[in-house]
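To start, the structure under review is shown below, and the notes come after it.
Every read-out reported here was derived from the displayed coordinates using simple, explicitly stated rules and does not represent laboratory data. Fair warning: this is a prediction, and the values are worked out from it, not measured in the lab. In this analysis, Cβ positions are derived from the backbone assuming ideal geometry, glycine residues included, and neighbour counts consider all displayed protein chains.
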């Protein structure tokens, strides 16, 4: 059982971000063709980096903003369109051997 007693969240407004919304590419403007094989490769690179102990996110606090959990919960409850995100999570677990 996962012990959540020591998990600490914080308001997203307190998070120091290295990127802004303007830094993101809109899918229609992206030079990358996000085909299944491309996405599979991205998942593999992230997984391999993690397995090798390389830093993916600097401080390990990604996803710990209070709003993250609330947003995910509201999204799942409000829409079945998020099935793709759940499928991604499952695929990443498969890649990790779990």
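Descriptive notes on the structure:
- The ranking of 64, 1 by Cβ neighbour count inside 10 Å, starting from the fewest, reads 1, 64.
- Per-pair calculated FRET efficiency, R0 = 22 Å: residue 40 and residue 77 via Cβ, rounded to 0.05: 0.15
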